[in-house]
Amino acid sequence: MFLALRELRFARTRFGLMGAVIALIAVLMVMLSGLSVGLVNDGVSGLQKMPVTAFAFEKHVQHDAAFSRSVVDLDAVRAWRDRPDVAAAEPYGNTLVNARSDRGVEIDLALFGVEPESFLSPRVSQGKSLSAPDGIVVSTTAEQAGLKIGDTVTLDRIGTRLTVVGVTDGQHTFGHVDVAYVPLGTWQRVKAGVGPDGALPDRAARESTAVAVQAKPGRTLDLAAGDAAAGTESLTLDQAYGASPGYTAESTTLQLIQGFLYAISALVAGAFFAVWVIQRKQEVAVLRAMGASAGYVLRDALVQALLLLVGAVAVGVAVGVGLGAVITGGGVPFALSAPAVTAAALGLILLGLVGAAVAVARVISVDPATALGGNR
């Protein structure tokens, strides 16, 4: 500790520059973490808020487009309800529409068709719950976009008019589009393209996008048996996130960028300490010649690296959180999460220590006599 602290004071300019680089990497990690969480919320928060264990889609449906391609008959709902491990099973509809309010607000909506009295019906923080055929409950983000309780929303192409009766608590979005909950019968008419005066075909009146399944408390759903009985193909709630538009591509891209930043952090820390230890190779040799063990020298160097990494990462995280607070709510899908930020900070520190340990271990393994020039 004595040597580590003394060197930090003596070479504060060098260590300061190194700390600035690590702090900048930490800022990037915090920003990427917030962007990743924000994109996930913007893509699937509507699904995350649903008390669903699994979705049963049409058999052999393409998983990354299940919500847009799946069509399930209501007979599958009854088959799932008969399962012994199922607490509830309800039809669920999902489609994207363009709309315009009577106050001139143009907005895209993800219509979630649900039975008003089912477990899928959303809780409202303002207004009334879902009930009337022409009523919709919108998310808080839709309210922020300009929709208000009492507004009449007209859907493009078919001219269906819906009235905003309630607002949910918090963000409910799907595929970066605000969610609007509608009665299942209304959703079926919209999905079939039937206007206010049209007749809904019998086949369309029996269709939904999927079966929303809720497991009994303490039970694990036997998805394979349920699918065999209902003729469906099930995905757990987490797996169903991948069917949201762009979710998999966005998540994978950000994870790759974060992975590269972790690798860069380890390389930068390793390279700095490799150069630093090589420059003080003779001092290390003197310590070894005076009886200091390789473990002592390694611990001293790692304490030095830990102090530098913790200080730099703390500064970087503070700056990143400050920038994130400015960005949040400005139209960018950004949300800070304490677990995600903590994991990013710990990852940077641990990988930096690994890089430093690898660099230092190569130098302290050199024979002290050789390092001091005893072979000349």
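Data table
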{"read-out": "Cβ-Cβ under 8 Å pairs, at least 6 apart or on other chains, the stretch 207-227 side basic (Lys, Arg), far side buried (at least 20 other Cβ atoms within 10 Å of the Cβ) and outside any helix (DSSP H, G or I)", "value": "Lys216/Val86"}
{"read-out": "Qualifying residues in the stretch 144-163 (those that are touching a Gly at 6+ places or on another chain (Cβ under 8 Å) and over 11 Å from Gln126 (Cα atoms)) - the one most open to solvent (accessible area, probe 1.4 Å)", "value": "Arg157"}
{"read-out": "Candidates Val315, Val341, Val321, Val360, filtered to the one that is closer than 28 Å to Gln258 by Cα, open to solvent by 70 Å² or more (accessible area, probe 1.4 Å) and either at pLDDT below 75 or not basic (Lys, Arg) (or both)", "value": "Val315"}
{"read-out": "Subset of the stretch 143-179 [in contact with a Leu (Cβ under 9 Å, 6 or more places away or on another chain), within 25 Å of Ser251 (Cβ to Cβ) and β-branched (Val, Ile, Thr)]", "value": "Val177, Val179"}
{"read-out": "Members of the stretch 208-236 that are outside any helix (DSSP H, G or I) and surrounded by 19 or more Cβ atoms within 10 Å (Cβ to Cβ)", "value": "Ser208, Thr209, Ala210, Val211, Ala212, Val213, Gln214, Leu221, Thr232, Glu233, Ser234, Leu235"}
{"read-out": "Residues of the stretch 132-148 classified as over 13 Å from Ala180 (Cβ atoms) and over 29 Å from the mean Cα position of the chain (by Cα), total", "value": "2"}
{"read-out": "Filtered residues of the stretch 65-107 (kept if open to solvent by 20 Å² or more (accessible area, probe 1.4 Å) and in contact with a Gly (Cβ under 6 Å, 6 or more places away or on another chain))", "value": "Arg83, Val105"}
{"read-out": "Sole exception among (1) over 23 Å from the mean Cα position of the chain (by Cα); (2) within 14 Å of Ile136 (Cα to Cα) for Ala110, by number", "value": "(1)"}
{"read-out": "Only one of Gln239, Gln188 that is open to solvent by 70 Å² or more (accessible area, probe 1.4 Å), assigned by the TED database to the domain that holds Val97 and in a helix (DSSP H, G or I)", "value": "Gln239"}
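The values are calculated or read from the model by the stated rules, or taken from the named source; none is laboratory data. Just so you know, these numbers come straight off a predicted model, no measurement behind them. Reconstructed Cβ throughout: ideal geometry from the backbone, glycine too, with neighbour counts over all protein chains shown. Protein only, heavy atoms only, side chains kept; ligands, DNA and RNA dropped before computing areas. Shrake-Rupley method; radii C 1.70, N 1.55, O 1.52, S 1.80 Å.
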